[in-house]
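*Asks:* Starting off with a structure, shown below.
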Amino acid sequence: MNIELFQDTKGGIFTFENVISSLKQLGADKAKILYIHTDIGFGKPLIKRKEFISKLFEAISSLGVKTLIFPTYTFSFCNHKDYDIKNSKTDMGILNEYARTQNNSFRTKDPLMSVCVIGEVPEEYYNLSQFSCGIGSAFDIMSKSDENMFLFFGAKPTECFTFLHYIEAVYKVPYRYNKKFEGNIIDENGLKTKEEYFLYTLYDTVIPYVTVDFQNHLENKKILDRICLGEKELFLIKGKSSFEETIKCLDQNINLLLKRPYNEYKLGTTYIYGNVNSVK
């Protein structure tokens, strides 16, 4: 049954099949691994909110992609909180939280930047490193192949392309450093252990900023594709190519991902705990 899901401000009606068709037209169904950032403000929902979220999840699941990855970051240790693998909610959006609560989901141990997997779980995800953005993190596998792709389902690459922080870590940019965080992790069996993890954190005075020009550059290189859906756009970015191209761009301009040159002001390592919801 082709259910009407939402209506845009111009009165256009978008159905369940429209969503699936847009995802396929973009090429999301060609991915082996799909890492999904979400912002589901496509328009006014025409069905109950819970069903709306369920249908969007069903549309993505219907693509037949072997591995779906939803970020379920909590930054728990940054907020002086325990990380409970089974019960810690994510602030990464209601669709991501919906994915986390599915019976067939697997969630990683990382107390800062966990992800939940629907489908085949990459072997590496059972034993990730303690560097949330670095080598051995959940991002590693995304840099290995262009069949591993990032889907921005209403979200914007200029605002939440977290993979760029992994690239910065691999590149060892001079404006970030590995900050250690300590706290408790509660595993699936309720066992609590004290552990330490590292976040590739900005020095004081450094302002991150991803420009539309860089997004357009990736599009011109045929690394990024986009398509409109209601009030939003869908973006698809190739993992390996985006990694390699960003490295090249950093070689040319170390301030590529910053609002202003990092060395204009003194770099400090003050960190403000609480209300942390991004890699800052």
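The values are calculated or read from the model by the stated rules, or taken from the named source; none is laboratory data. From a predicted model like this one, the values you see are computed outputs, not experimental measurements. Cβ atoms come from the backbone with ideal geometry, glycine included; neighbour counts cover every protein chain shown.
*Asks:* Please count how many residues of the range 89-142 are farther than 22 Å from F181 by Cα, in a strand (DSSP E or B) and of a type outside the set (A, V, I, L, M).
*Replies:* Residues that pass the stated criteria total 3.
*Asks:* Considering only residues that are without any contact (Cβ under 8 Å) to a residue 60 or more places away in the chain and under 14 Å from L234 (Cα atoms), look in the range 7-45 and name the one that is surrounded by the fewest Cβ atoms within 10 Å (Cβ to Cβ).
*Replies:* For the range 7-45, the residue satisfying everything is K24.
*Asks:* Restricting the search to the range 1-33, which residues are assigned to a strand (DSSP E or B) and touching a Lys or Arg at 6+ places or on another chain (Cβ under 9 Å)?
*Replies:* L5, F6, Q7, I33
*Asks:* Could you count how many residues in the range 231-270 are basic (K, R), more than 30 Å from F42 (Cβ to Cβ) and at pLDDT 95 or above?
*Replies:* Looking only at that region, the number is 2.
*Asks:* Identify the single condition in (1) part of a strand (DSSP E or B); (2) touching a strand residue (DSSP E or B) at 6+ places or on another chain (Cβ under 6 Å) that D146 does not satisfy, given that it satisfies every other one.
*Replies:* Of everything listed in (1) part of a strand (DSSP E or B); (2) touching a strand residue (DSSP E or B) at 6+ places or on another chain (Cβ under 6 Å), D146 misses just condition (1).
*Asks:* Moving on. Looking only at the range 178-220, which residues are touching a residue at least 40 places away in the same chain (Cβ under 8 Å), among the β-branched types (V, I, T) and part of a strand (DSSP E or B)?
*Replies:* I185, I186, T201
*Asks:* From the residues in the range 157-177 that are in contact (Cβ under 8 Å) with a residue 24 or more places away in the chain and assigned to a loop (DSSP other than H, G, I, E, B), which one is nearest to I247 (Cα to Cα)?
*Replies:* V173
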